[in-house]
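Step one of this worksheet: look at the structure below.
Read the figures in this text as sums done on the coordinates, not as results from a lab. Bear in mind the structure is a predicted one, so any value in this text is a computation, not a measurement. Using ideal geometry, Cβ is built from the backbone for each residue, glycine included, and neighbour counts are taken over all protein chains shown.
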């Protein structure tokens with residue numbers, strides 16, 4: 001059971017989550033401080049290596065701001081040749097935006113970059129408005145989306161990790177000294193040292209709680225393996241339509257909205273494949289470009305369902321202009337999780353939102369899909385209308401069948417229990433009834449069930 005927070009920890013949580021002050025409806029300016037093409041084309045990596053055009057990047061960060069109901073007054077690109085140590089953008093642009101912020105009565109500025117604590121503080125002083133960077137905005141979204149205890153703990157851990165490195169001169173009150181008492185905080189311990197210590201203690205407690213979550217998930221996975229049902233996980237860029245597809249395939253009602261990070265907490269449901277086999281379908285948090293490392297680390301317990309899955313459905317929004325770049329961003333995160341994005345036996349590409357394509361584009365993608373070799377063939381679907389879902393289910397079945405054995409088994413008419421066992425534990429691929437009343441079944445089964453099958457049906461013939 002989670003221990004109650006002390007008064008000091010309550011203050012710590014307030015300190016460590018400054019983005020919680022961001023309120024829906026706040027008049028907001030979104031700024032994209034992107035390096036110029038000349039600078040981006042240089043082999044300097046990091047912020048300058050993002051291949052997307054500035055307009056697409058600005059659209060995405062604006063969508064992130066809209067996901068928490070901010071009132072976007074204006075979105076603009078601020079080209080720069082190189083980041084400035086004090087304010088990230090140049091002093092002239094800082095003064096120009098200060099005038100806009102005052103004139104439009106803007107209360108929040110979202111910067112699509114990674115700001116240092118000093119840069120954030122200097123911009124807030126210059127503009128008289130709250131400033132958050134890309135990481136802070138994503139953390140705010142995650143904080144609002146989390147519903148389960150696990151998700152809440154993971155978000156708080158990420159917040160603390162983010163804020164711990166921002167205590168250095170972030171606020172003037174942190175430079176004050178306070179007297180110590182007992183063995184906690186000796187005489188003259190500065191407020192910044194006390195806050196840093198409190199943050200670390202809280203992080204240690206959350207990590208202990210999350211260890212329990214990992215153990216519980218591990219037990220659930222172990223029990224699922226005993227059944228065993230194959231695990232199919234949906235992965236993809238945020239807002240690619242994973243939750244809509246999840247609802248379509250499971251007839252569930254998971255939140256599925258046209259917004260970034262609509263799904264945060266993982267959800268699993270049983271589905272039935274064309275030949276009767278059951279599988280577990282898992283919906284997961286969406287990925288995004290420049291996803292903060294601390295979030296990947298914090299959500300590792302959740303993403304273990306992805307790591308353990310038998311089949312990964314990489315859902316792509318093929319109607320989006322940056323679908324190729326988004327696919328590469330997903331591949332980057334998969335590699336961080338130790339998954340080879342080129343594993344064609346395990347990963348199936350799902351080209352979603354075909355209903356948003358023009359007839360010509362839909363025909364072009366359909367042709368491109370069928371010209372691809374079978375093991376790498378993407379499936380063009382519309383999760384919204386259901387087009388392509390039967391083909392997707394059939395493809396999932398084919399991928400699961402790789403490495404499985406197929407048998408022909410003769411079931412006597414009086415062996416009703418044996419027939420029921422086969423329907424429950426195998427895929428029935430074919431069936432014919434003979435004149436003597438015997439039923440000849442062609443079945444396929446997972447390796448884990450093969451010993452029980454052969455013990456029950458020793459006369460079964462391998463095909």
Worksheet item: For 312, 210, what's the fewest-to-most ordering of other Cβ within 10 Å of each Cβ?
Response: 210, 312
Worksheet item: Which order, highest average first, do 84-95, 126-137, 424-435 follow once you tally other Cβ atoms within 10 Å for each residue and take the mean per peptide?
Response: 126-137, 84-95, 424-435
Discussion item. Quick check on the exposure proxy: order 108, 384 from fewest to most C-beta atoms within 10 angstrom.
Written reply: 384, 108
Practice prompt. Using the number of other C-beta atoms within 10 angstrom as an exposure proxy, rank 66, 357, 234 with the fewest first.
Written response: 66, 357, 234
Worksheet item: Any number yet on Rg/Rh for the range 377-463, C-alpha, Kirkwood?
Response: 1.09
